[in-house]
Amino acid sequence: MPPEGDRLCPKCGQLIPAGQTACPVCTAPQGFFWTLERETLVLFSIGLLVVFFVVTGFTVKRYHAEQEALGGRWYQRGQAALQANRPEEAAEDFHTALIYSRDNAVYEMRLAEALVKANHLAEAKVYLQSLLERRPGSGQVNLELAHMSAKSHNIPEAIRYYHTAVFGAWEINPGAHRLQVRLELCKFLLEQHDGNEAESEIIALQTELPADANLHAEVGHMFMQVEDYRRALEEFQLALKLNPKQPGAWAGAGEAAYQMSDYAQARRYLQKAVEVAPKNLQAAQKLEISRLVLEHDPFQRRLSQEERNRRTIAAFQQALSRLKQCAQNRGVNLQAQQMAGPFADVDSNVKMIRPKVNKSNLRRDPNLITNVMDLVMQMEETAQQACGTLPAPDQALLMISHTRGVTER
Amino acid sequence: MTDPVPMDPDIPGPPGLPFPQKHWGRILNRVKKMRAPRIFLHEEGLFLLLAVIIGLFSGLAVVCFQIAIDWTRIKLLGSSLAPDPLRVILAPAIAGLAVAALVIFVFPRVRGSGVNQTKAAVYIYDGYIPFSTVIGKFLTCALAIGSGQSLGPEDPSLQIGAGIASALGRRLHLSREKVRLIAPVGAAAGLAAAFNAPISAVLFVIEEVIGKWSSAVLGAIVLSAVSSVTVLRLFLGEEPLFRVPPFHLVHPSELFSYAVLGVIGGFASLAFTRLVTYLRLRSKAMPKWTHYVQPAAAGLLIGVMGIWIPQVMGAGYGIIDQALHDQFTWKLLALLAIFKILATSLSFSSGTPGGMFAPALFVGAMLGGAVGGVEHIFFPHLGGTVGGFALVGMGVLFAGFLRVPMTSVFMVLELSGNYSIILPVMVSNTIAYLISLKYQPVPLFDLFSRQDGTDLPSMEEQRERATLLVEDAMRPPAEIVLRAEDTVADASRRVSATALEFFLVSHRSGDWTSVTKEELRRLIKEGKGSLPLARALSSPLLPWLHPDQPLDAALRQIGEWPLLPVIHRADFNNLQGVVSLADILAAYGAATDEENRSKSSALPPGQRAALRPD
């Protein structure tokens, strides 16, 4: 906007002061450059271009350095927030970091991670898919996509991403990363109660495990969850071999042996587990049951016939006593002629077998032991159904009856 | 290379000057005498070389411009996405005062977006853009945009490029025609670097600045755009302006949502155009002293907005990027679009230099994202990404607000690098463009130029104007058409009954000649009555026309002839009509009347006032 009275030159746009007709710029004598040859001017322009290139180059270099530094600072803030479990704040910091270092895949990755944690799944998906498009084989990207799919309850997609992550490319320490991802996949599958799939993944994981007691113990617990007690026991044994003080491994091994009805081994491991962790009540209970099984099992090898008969009679009396007590608690009269419910069947069997349960009959008929122990199992099961959890001695009898074949072997 | 002229010890320095200055004078004289090899055989070659040089200079200038904006932003507002409230209020206001002072006292020609200034240079000032405008644009825009004014850097980049081109063209003593053409070459270079999208830049300059596909400048424009983008990528990296998420059309029915986006975008473009032109007119009409504080006042208002919605400040590329990545709810996106329209209208109308491209992209992305978000709520099974909608939305505002339909489509394609987005883009952009065209007959940049008191050629009007054809002006064939085989006597007998004086003569060869009554009478007097007309007449062949030719062709060809034959393209003896100069002028007159009638009926009452120059 020119001042009052002045006007702009239509040719050069400069001010023509009030009262003047000609533009002072346009009518001024031509400068030095106007008198140069055209070719010379082109060469000058190229020279100027080179200078401009150099100056811009230095400016850009400094600019990039500053941007990188700023991006780095915001990234550090984001990392701190993420570690402090403040994913919203972390996401904003990573966003800012990305403004200064736009194509930084690490920042993008962390942002996606923060977004997944903050439950901004749609946004995280966009970032992750963009990263995946650029690096389709990236293990890290596939792992985050698996997390996101898991949060979205898209289980098949999550499993697919986990698998891709396991076999994907990891820039740093690929072996450890793959192991961690497979471990995570196994946990995920266990959470989803997908036992078969989980077991095959855990078996694959077992083959890749390094000599790490913690990992072996962890895998042992996973095998326990899929009820593969044999492999679980192997893993716990490996863990104990690597670190005899490994917490949980003694109890785990004991539990695995217990579940396999290997009560002798179970007693050994559980004994150690209770010594290491006296407050482990579960281990103590299992230890007690194992001990009782070993003490009362009439089917154990290398027992004299006398001892076998004694244990059978003791087991019968213990089960009968438990049944009577239970019936009494439930207000059922076992002497009555008319009885209903579970007690009726077992009572008729008791009445039939009871007169035969004595040392002379057992000595005469070794098969009677099996019949008596069948009745013991029936009595204990009836008592358990009617009165709930059994005391340890009765549980031991139930174990003996259930695992008769195993212990016999 | 020829050797430079050897040193001439006789050339004196300016008399009476001390030694260093004398020495300098001698050097200058020798430089003047230097002769570089004659490498340019003709001006065309120089023009193309110059296009590359302009592209490189513009690319470098835009790199520095972008860095300057970013540095200013970090220094004034800080590096955080959510800056300190005090800074948010004060920075744009104080920077606004500085910008106003610079614009009023130092660089008076840097107001506005830059597109119209470049057009004015081409059509009014013979390609002249003072270099001070380049410097002024660089400084004031970096300060304004960096401080948070809601404007973009693309239009200023365009003008910076054009200014560099103009300066080089003039220094190199190009012809007046070439200097006029070189400003768009620089404009394309500047815009290409600003967008990092050469195709869109070339298309925009052709669509909005030049208005036609001229082979004379197309090569130069492409060369300069490619050169500038190469420089930009060399220094700032290959990455595009936005990180565009992957896109695919989930189901064809999703096109319906994109059509809705087109409708919303069309009306949003209308609202944006009306608001910005209205506020601009009002602010220009305010007392003169207010012009010193208008940018500061606009900055203050934007700062106040920025406390609650910091996203509306600045060019907003980062926010567009976030919208593309589905980081906002649809309600926030809609809110951002509304406030961005308001903030940009305030900034631009206050006279703060800066561009409208980035705000248009911003508003489009937010509207698109909002429509995408709503689609997710009501039609979750469609499952299209919000980013896809935001991307298409950018093109929608480009088509509806800036009124460059071709550029809008190619810009989205170029930014996304994904061809599958073409269908939604075409659907949305066409709808938005048609709505804007229907309710806003005069495009934005033409409104600005008329508000500024100039009447720059409207490229859209040129495109939309129906081309008059020969068939619009021709009359049915004359009653009497003579044949070249007729004798002069027969011909004279045939024409004697009519009052007409001029007759067309058809030849078997398909040629046409003419004869007048007077001429026939003369030939009979000379005793040539028995001769066929073909032999008796010596008049030259008549130029002929076809019905589908532009009427301009008739005007060029009619010369002194009273009539021209309009003939069938496949049968040259088949006369379809005749056309005279009076017919041509009558057709032009009727078309102009019709155009004026439709224009005045289409303009809303408030807009007529907006069109009046100051």
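The table below lists the values:
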| read-out | value |
| --- | --- |
| Enumerated helices (runs of 4 or more DSSP H) restricted to region B:229-324, each holding at least 2 residues that are at pLDDT below 90 and either in contact with a Ser or Thr (Cβ under 9 Å, 6 or more places away or on another chain) or within 14 Å of chain A (Cβ to nearest Cβ) (or both) | B:254-285, B:317-324 |
| Any helices (runs of 4 or more DSSP H) falling wholly within region A:158-255 and containing at least 2 residues that are under 25 Å from A:N280 (Cβ atoms) | A:174-191, A:213-225, A:229-242 |
| Any hit, region A:287-310, residues being crowded, with 20+ Cβ neighbours inside 10 Å, of a type outside the set (S, T, Y) and farther than 18 Å from A:P393 by Cβ | yes |
| Test: residue in region B:150-160 that is away from chain A (no Cβ under 14 Å), crowded, with 22+ Cβ neighbours inside 10 Å and over 30 Å from B:D84 (Cβ atoms) | yes |
| Single match in B:L415, B:L423, B:L342 (criterion: within 21 Å of B:I309 (Cα to Cα), in a helix (DSSP H, G or I) and assigned by TED's automatic domain parsing to the domain that holds B:I320) | B:L342 |
| Helices (runs of 4 or more DSSP H) wholly inside region B:119-215 that include at least 1 residues being touching a Cys at 6+ places or on another chain (Cβ under 6 Å) | B:154-171 |
| Residue match in region B:55-76 (condition: of a type in the set (A, V, I, L, M, F, W, C), over 30 Å from B:I182 (Cβ atoms) and more than 11 Å from every other protein chain (Cβ to nearest Cβ)) | yes |
| Residues (in contact (Cβ under 8 Å) with a residue 24 or more places away in the chain, more than 11 Å from chain B (Cβ to nearest Cβ), of a type outside the set (A, V, I, L, M, F, W, C) and outside any loop (DSSP other than H, G, I, E, B)) located in region A:101-155 | A:Y107, A:R110, A:E113, A:K117, A:S138, A:G139, A:Q140, A:N142, A:E144, A:H147, A:K151 |
| Residue within region A:56-71 that is part of a helix (DSSP H, G or I), within 30 Å of B:T329 (Cα to Cα), facing chain B (nearest Cβ under 8 Å) and aliphatic (A, V, I, L, M) present | yes |
| Members of region B:125-149 found to be within 14 Å of chain A (Cβ to nearest Cβ), at pLDDT 90 or above and within 19 Å of B:A201 (Cβ to Cβ), listed by number | B:V134, B:K137, B:F138 |
| Matching entry among A:G252, A:G220, A:G195 (being over 26 Å from A:Y161 (Cα atoms), touching a residue at least 12 places away in the same chain (Cβ under 8 Å) and small (G, A, S)) | A:G252 |
| Selection from region A:367-386 of residues that are charged (D, E, K, R) and under 17 Å from A:Q300 (Cα atoms) | A:D374 |
| A:E37 vs. criteria outside the structural domain of A:E108 (by TED's automatic domain parsing), of a type in the set (D, E, K, R) and either surrounded by 13 or more Cβ atoms within 10 Å (Cβ to Cβ) or modelled with pLDDT of 75 or more (or both) | yes |
| Hey, B:A298 surrounded by 21 or more Cβ atoms within 10 Å (Cβ to Cβ) and either touching a Phe, Trp or Tyr at 6+ places or on another chain (Cβ under 7 Å) or closer than 20 Å to B:T72 by Cβ (or both) or not | yes |
| Filter result for B:A197 (over 27 Å from B:I319 (Cβ atoms) and either outside the structural domain of B:P353 (by TED's automatic domain parsing) or touching a helix residue (DSSP H, G or I) at 6+ places or on another chain (Cβ under 6 Å) (or both)) | no |
| Criterion (touching a strand residue (DSSP E or B) at 6+ places or on another chain (Cβ under 8 Å), farther than 30 Å from B:L56 by Cβ and surrounded by fewer than 18 Cβ atoms within 10 Å (Cβ to Cβ)) met by exactly one of A:G137, A:G72 | A:G137 |
| Region B:375-428 - residue that is modelled with pLDDT of 90 or more and within 18 Å of A:V126 (Cβ to Cβ) and, of those, surrounded by the fewest Cβ atoms within 10 Å (Cβ to Cβ) | B:P424 |
| Number of positions in region B:89-114 that are out of contact with any Lys or Arg (no Cβ under 8 Å at 6 or more places or on another chain) and either in a loop (DSSP other than H, G, I, E, B) or modelled with pLDDT under 85 (or both) | 5 |
| Strands (runs of 3 or more DSSP E) wholly inside region B:435-551 containing at least 1 residues that are touching a residue at least 40 places away in the same chain (Cβ under 8 Å), surrounded by 17 or more Cβ atoms within 10 Å (Cβ to Cβ) and among the hydroxyl-bearing types (S, T, Y) | B:502-506, B:512-516 |
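The values are calculated or read from the model by the stated rules, or taken from the named source; none is laboratory data. Just so it is clear, the model here is predicted, and its values are computed rather than measured. All Cβ positions, glycine included, derive from the backbone under ideal geometry; neighbour counts span all protein chains shown.
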